[in-house]
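Contents: one structure, followed by commentary.
The values are calculated or read from the model by the stated rules, or taken from the named source; none is laboratory data. The shown structure was predicted, so the numbers you read here are calculated from the model rather than taken from an experiment. Backbone-built Cβ (ideal geometry, glycine too); neighbour counts: all protein chains shown. Remember, those area values only see protein heavy atoms, side chains included, never the ligands or the DNA or RNA. Shrake-Rupley method; radii C 1.70, N 1.55, O 1.52, S 1.80 Å.
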Amino acid sequence: MSTVTEIRHPLIQHKLAIIRDKDTGSKEFREVVEEIAMLMAYEVTRNIHTEEVVIETPMGPAKCQMLSGKKLAIVPILRAGLGMVEGMRKLIPAAKVGHIGLYRDETTLQPVEYFCKLPQDINERDIILVDPMLATGGSAADAVTLLKRRGATSIRFVGLIAAPEGIQALQAAHPDVDIYLASIDEKLNEKGYIIPGLGDAGDRLFGTK
Ligand code: PRP
Ligand code: URA
């Protein structure tokens with residue numbers, strides 16, 4: 001079974017409080033989501049491989065560690081996942097970026113796919129799938145299925161806020177995908193929104209409501 005990591009770092013928790021606030025406007029919301037994603041990237045990449053290299057410092061050679069092994073890809077689920085990409089790329093600028101477009105049908109809550117563009121060598125990359133909200137888990141589970149159909153074998157999911165139902169659904173569908181979150185909230189409401197959550201992440205990021 002996959003692992004679920006709730007990153008309780010004080011900086012992340014402080015910033016999460018800011019984006020939960022209904023009075024936080026779109027500009028600040030976007031900036032703080034980016035900052036949280038950057039902080040989370042630090043934890044999410046904790047176990048990626050490094051190799052020893054020798055670097056010439058002004059004082060002579062130094063044995064150092066640099067990233068090695070499989071290359072990374074960051075894949076946001078559109079739209080809201082876009083808000084997490086730049087924060088992650090600040091720490092891992094060599095990562096390629098793919099995009100998966102999914103929206104939840106408002107009545108059935110089922111995800112509907114409308115876009116998919118991935119790096120050509122996606123099957124050779126460690127994939128960080130990002131979406132701020134893991135609610136019913138349908139969108140994340142579908143995105144993972146889509147990535148696996150393209151040959152992906154190493155996928156981790158990074159979200160900001162999850163409902164317990166969404167974690168269970170993603171783990172049941174994809175027990176090989178480790179999950180990283182800033183908060184596991186209480187529940188889903190009857191419309192599939194996370195309580196207390198932060199509302200509609202896409203609308204708050206892009207000012208569409
Ligand atoms: C939101 C969110 C997730 C999905 C989560 O996207 O960003 O992708 O809902 O819900 P689920 O776990 O129940 O599938 P939405 O469908 O509202 O699209 P948007 O990002 O374009 O607003
Ligand atoms: N999508 C969101 O943006 N927010 C929720 O609470 C649930 C799904």
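Could you pull the Cα extents of segment 1-130 along its three principal axes, largest to smallest, in whole Å?
Sorted from largest, the Cα extents of segment 1-130 read 63, 36, 32 Å.
Under a 1.4 angstrom probe, counting protein chains only, how are Glu124, Glu43, Glu28 ranked by accessible area, largest first?
Glu124, Glu28, Glu43
Tell me what the chain gives for mean residue ellipticity at 222 nm when only DSSP H runs of n ≥ 4 count, each as -39,500 (n - 2.57), the sum divided by the residue total, rounded to 500 deg cm²/dmol.
-10000 deg cm²/dmol
Under 18 Å from the Cα of Lys148, which aspartates and glutamates turn up, not counting those fewer than eight places away in the same chain?
Filter leaves Glu113, Asp121, Glu124, Asp126, Asp131, Asp176, Asp178.
Once the other residues with Cβ under 13 Å from the Cβ of Ile184 are scored (Lys, Arg +1; Asp, Glu -1), what is the net sum?
Net local charge, Ile184 excluded: -2.
Contact order normalised by length for the chain, with contacts defined as Cα pairs under 8 Å and 6 or more residues apart; what percent is it?
Relative CO of the chain lands at 23 percent.
For segment 48-87, what's the relative contact order in percent, using C-alpha pairs closer than 8 Å and at least 6 residues apart?
So the answer I get is 31 percent.
Compute the distance in nm between two label points, each set 7 Å from the Cα along the Cα-to-Cβ direction, one at Glu186 and one at Glu106.
Computed distance between label sites Glu186 and Glu106 equals 2.5 nm.
Could you sort Thr208, Thr24 by accessible area so the largest value comes first, with the probe set to 1.4 Å?
The ordering from most to least exposed comes out as Thr208, Thr24.
Please list, by residue number, every one of the trypsin sites (Lys or Arg not before Pro) in segment 39-105 that is coil in DSSP and has at most 11 other beta-carbon atoms within 10 Å.
Listed in order of number, the matching sites are Arg46.
Hydropathy first: keep DSSP H helices in the chain averaging at least 0.0 on Kyte-Doolittle, then drop any whose Cα extent along the axis falls short of 24 Å, and list what survives.
What comes out of the filter, once short or polar helices are dropped, is 26-44.
Over segment 39-167, with the other protein chains present, what is the accessible area per residue in square angstrom, probe 1.4 angstrom?
Ligands and nucleic acids excluded, the figure is 51 Å² per residue.
Compute the relative contact order of segment 18-130 as a whole-number percentage, counting only Cα pairs closer than 8 Å that sit 6 or more residues apart in sequence.
It comes to 25 percent, rounded to a whole number.
In the structure displayed, which of Lys90/Lys209; Lys27/Lys209; Lys70/Lys117 lie more than 22 Å apart, Cα to Cα?
Over 22 Å Cα-Cα: Lys90/Lys209.
Lys117 to Ala172: extension gain in nm, 0.36 nm per residue of separation minus the Cα-Cα distance?
Result for the pair: 17.2 nm of gain on full extension.
Ordering Arg149, Arg30 from largest to smallest accessible area (1.4 angstrom probe), what's the sequence?
Output order, biggest surface exposure first: Arg149, Arg30.
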